[in-house]
1. May I have the extent of the alpha carbons of segment 1-122 along their three principal axes, as whole Å values ordered from largest to smallest?
2. Per residue and in Å³, how big is the convex hull formed by the alpha-carbon atoms of segment 70-120?
3. Tell me, how many Å apart are the Cα centres for segment 121-140 and for segment 67-113?
4. Simple spin-label model, 7 Å along Cα-to-Cβ: A154 to A37 in nm?
5. How long is segment 81-167 along each principal axis, judged by its Cα atoms, biggest number first, in Å?
6. Where does segment 52-99 land on Rg(C-alpha)/(2.2 N^0.38 Å)?
7. Can you figure out the FRET efficiency of R134 with D20, using R₀ = 41 Å and their beta-carbon distance, to the nearest 0.05?
8. Working from Cα positions, state the angle (0 to 90°, nearest 10) between the long axis of helix 30-41 and the longest principal axis of the chain.
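The values are calculated or read from the model by the stated rules, or taken from the named source; none is laboratory data. The structure presented is a predicted model; accordingly, all values stated were derived computationally and were not measured. As a convention, Cβ positions derive from the backbone with ideal geometry for all residues, glycine included, and neighbour counts pool all protein chains shown. SASA here: full protein model, heavy atoms, side chains in, ligands and nucleic acids out. Shrake-Rupley method; radii C 1.70, N 1.55, O 1.52, S 1.80 Å.
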Amino acid sequence: MIAPSDEPFVPESWQSPEPDGAGLEVELFPSVLMLAAGTLFQRNIFRPILEPSGIGVAEWRVLLSLNHYGDATAADIVARSWMDKAQVSRAALALEQAGLIERRPDPAHAKRVILSSTRKGQGLYARVHAQAQREQARLLALLAPDERRGLYLALQKIIRHTQGLGD
């Protein structure tokens, strides 16, 4: 359930949550709302940015990692992106076939390969990243400064908590 935009409404189950989650309907789960926001952003804002390039969101995340952080192994990208190993592998293969990244053996480890962005990949990254930054700024502009601060701190707290659960 999404509250009307002109009416500040926070459900009672969010204001005073029961320890056992009683009264917290599935559509009000924080995880469901976070996934909904992310899915809608990808579907309605980010996919249209990527469509002209012929790559999907997973490929973009690998390309972003290589261009932002530099050459890396697939394991490095998994650690940075929270993508799973299979996603990274499939995305890297598609990017390599499109000429956007290349692979080379890791001289320090015979079975490992290093991925790097090609000149073509760097150009695509620069174009898409500029659009992505503008869209992210538009999202932040929807919120008042105190809402932006609160959202950032809340997301960081949730990330830290959920990272600890997986370790």
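1. 57, 34, 20
2. In segment 70-120, the Cα convex hull volume per residue is 80 Å³.
3. Distance between centres, Cα-based: 21 Å.
4. The modelled label-to-label distance comes out at 0.6 nm.
5. Computed over the Cα atoms, the extents are 49, 36, 21 Å.
6. Working: Rg = 9.7 Å, N = 48, 2.2 N^0.38 = 9.6 Å.
Segment 52-99 yields a ratio of 1.01.
7. Details: r = 43 Å, r/R0 = 1.05.
The computed FRET efficiency comes out at 0.40.
8. 50 degrees
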